[in-house]
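I have placed the structure first, in the form of structure tokens, so that the comments after it can refer back to it.
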Amino acid sequence: MIDLRSDTITKPTQEMREAMANAIVGDDVFGEDPTVNKLEETAAELVGKESALFVASGTMGNQVAVLTHTERGNEVIVDTAAHIAKYEVGAPAMFAGVQLRLVDNLLLGNTIDKIKNAYREENIHFPVTRLVCLENTFNSGGGTIMPPEKMREAYQLARNLNLKLHLDGARIFNAAVACQCDVKEFTKCCDSVMFCLSKGLGAPVGSILAGDQEFIKKARKYRKAMGGGMRQAGILAAAGLVALKSIDRLAEDHSNARFLAEGLSQIKGIKVDLERVQTNMVYVEVDNAAAFVSELEKNGVKAIAVSSNAVRFVTSREVTREDIEKVIQIASRIAVTNK
Ligand SMILES: *Cc1c(COP(=O)(O)O)cnc(C)c1O
């Protein structure tokens with residue numbers, strides 16, 4: 001099987017498994033796991049924040065951030081198609097008790113105007129707008145990058161409006177590698193950032209939430225409340241430390257995605273917006289996504305139908321250039337058979 005469903009399918013490397021087996025551990029709830037402490041310090045430094053917290057998943061990182069930044073009844077500005085709004089089980093309502101102000105095209109449109117329009121002035125009828133969440137790269141947008149300049153403007157505006165800005169940076173290193181810039185160009189434009197170790201970076205489990213010291217201290221307590229105090233978590237953090245050494249190889253995933261997109265775009269019956277193929281994702285439009293995905297699967301290729309006419313392919317370390325060549329051949333055969 002060639003699995004292009006997600007970069008979360010990456011399995012730990014031999015180096016990770018060895019690091020895990022040999023990790024020096026302690027009880028992290030007591031702050032005594034040296035490997036977790038090292039991962040948190042390394043991660044904080046990497047994204048230019050004072051402090052960081054190792055969390056079980058990206059969703060946990062985002063939700064602990066929302067909980068830490070807000071009070072019940074506050075409003076959070078977020079793109080309608082953002083992961084936090086679309087794929088996190090309604091957790092902002094469940095845990096933080098906040099209301100999401102869903103904005104269409106917040107991320108791909110004119111972000112500044114959209115934030116200004118969504119922001120609420122003081123009025124007895126209105127909730128207090130407290131937080132803006134951005135997402136970079138933007139998953140539902142096609143793995144698209146919000147350039148650092150745009151993030152900087154959004155952050156400036158958020159500060160002027162007395163809002164906090166959280167960055168869902170599940171794949172922020174994909175953005176940095178694609179732009180060939182330091183990840184801090186992005187992460188300096190937010191109050192908190194979450195990124196995933198368990199996606200393209202290849203760790204089996206875990207994400208990082210980073211921010212200033214006071215924020216992380218509070219977040220650590222909320223993580224505990226959510227059941228995220230993980231004891232000898234150094235076993236997992238050890239793999240995370242290895243994962244952080246493989247940031248540069250994301251470029252390979254990007255080049256494979258580009259190659260796949262260009263190949264698929266040549267096939268009749270498949271539409272690809274090549275401008276949106278900026279990192280490790282390829283979204284294509286077909287007449288019947290479910291039928292297309294099921295035909296692919298019969299031929300040994302896994303992808304995800306994200307709507308009735310859209311299919312998502314994600315490249316990762318588990319997929320080689322030769323695999324991509326095969327996928328293009330298979331897809332063109334299927335497209336022809338369907339005629
Ligand atoms: C995957 C993802 C998350 C959540 O990560 P999990 O570890 O799957 O909970 C959050 N945001 C974005 C944009 C993602 O793609």
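The values are calculated or read from the model by the stated rules, or taken from the named source; none is laboratory data. Because the structure is a prediction, the values reported are computed rather than measured. Reconstructed Cβ throughout: ideal geometry from the backbone, glycine too, with neighbour counts over all protein chains shown. Side chains included, ligands, DNA and RNA excluded: accessible areas come from the protein's heavy atoms. Shrake-Rupley method; radii C 1.70, N 1.55, O 1.52, S 1.80 Å.
Of all residues in the range 32-47, those being touching an Asp or Glu at 6+ places or on another chain (Cβ under 8 Å) and under 20 Å from Arg171 (Cβ atoms) number 1. For the range 213-260, a residue qualifies if it is surrounded by fewer than 24 Cβ atoms within 10 Å (Cβ to Cβ), of a type in the set (A, V, I, L, M) and within 27 Å of Ser332 (Cβ to Cβ), and exactly one does: Ala251. All of (1) without any contact (Cβ under 8 Å) to a residue 24 or more places away in the chain; (2) outside any loop (DSSP other than H, G, I, E, B) hold for Leu39 with one exception: (1). Does Ser51 qualify as being in contact with an Asp or Glu (Cβ under 8 Å, 6 or more places away or on another chain), among the polar types (S, T, N, Q), open to solvent by less than 50 Å² (accessible area, probe 1.4 Å) and outside the structural domain of Val293 (by TED's automatic domain parsing)? Yes: the conditions hold for Ser51. The residues of the range 77-127 that are assigned to a helix (DSSP H, G or I), away from the ligand (no atom under 14 Å from the Cβ) and within 23 Å of Tyr155 (Cβ to Cβ), listed by number, are Ala96, Thr111, Ile112, Asp113, Lys114, Ile115, Lys116, Asn117, Ala118.
Listed here are the residues, each with its yes/no results for (1) in contact (Cβ under 8 Å) with a residue 60 or more places away in the chain; (2) within 17 Å of Ser51 (Cα to Cα).
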{"residue": "Glu153", "(1), (2)": "no, no"}
{"residue": "Ala158", "(1), (2)": "no, no"}
{"residue": "Leu163", "(1), (2)": "yes, no"}
{"residue": "His166", "(1), (2)": "yes, yes"}
{"residue": "Ala170", "(1), (2)": "yes, no"}
{"residue": "Cys181", "(1), (2)": "no, no"}
{"residue": "Lys184", "(1), (2)": "yes, yes"}
{"residue": "Cys189", "(1), (2)": "no, yes"}
{"residue": "Gly200", "(1), (2)": "yes, no"}
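Mind checking whether some residue in the range 119-132 is under 19 Å from the mean Cα position of the chain (by Cα) and open to solvent by 20 Å² or more (accessible area, probe 1.4 Å)? For the range 119-132, residues under 19 Å from the mean Cα position of the chain (by Cα) and open to solvent by 20 Å² or more (accessible area, probe 1.4 Å): absent.
Are any residues in the range 1-48 among the hydroxyl-bearing types (Ser, Thr, Tyr), away from the ligand (no atom under 15 Å from the Cβ) and open to solvent by 30 Å² or more (accessible area, probe 1.4 Å), and if so, which ones?
Thr13, Thr42, listed by residue number.
Flag set for Gln278, criterion: part of a loop (DSSP other than H, G, I, E, B) and of a type outside the set (Phe, Trp, Tyr).
Residue-wise test of (1) of a type in the set (Gly, Ala, Ser); (2) surrounded by 21 or more Cβ atoms within 10 Å (Cβ to Cβ); (3) farther than 20 Å from Lys11 by Cβ.
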{"position": "Asn288", "(1), (2), (3)": "no, no, yes"}
{"position": "Val306", "(1), (2), (3)": "no, no, yes"}
{"position": "Arg312", "(1), (2), (3)": "no, yes, yes"}
{"position": "Glu318", "(1), (2), (3)": "no, no, no"}
{"position": "Ala335", "(1), (2), (3)": "yes, no, yes"}
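For the range 118-152, a residue qualifies if it is under 17 Å from Gly58 (Cβ atoms) and acidic (Asp, Glu), and exactly one does: Glu135. One residue stands out in the range 136-149 among those that are in contact with a helix residue (DSSP H, G or I) (Cβ under 6 Å, 6 or more places away or on another chain) and open to solvent by 10 Å² or more (accessible area, probe 1.4 Å): the one that is farthest from the ligand (Cβ to nearest atom), namely Pro148. Could you tell me which of the residues Leu161, Leu167 is open to solvent by 20 Å² or more (accessible area, probe 1.4 Å) and in contact with a strand residue (DSSP E or B) (Cβ under 8 Å, 6 or more places away or on another chain)? Selected residue: Leu161, the only one of Leu161, Leu167 that is open to solvent by 20 Å² or more (accessible area, probe 1.4 Å) and in contact with a strand residue (DSSP E or B) (Cβ under 8 Å, 6 or more places away or on another chain). Scanning the range 284-310 for residues that are closer than 14 Å to Ile328 by Cα and assigned to a strand (DSSP E or B) yields Val284, Val301, Lys302.
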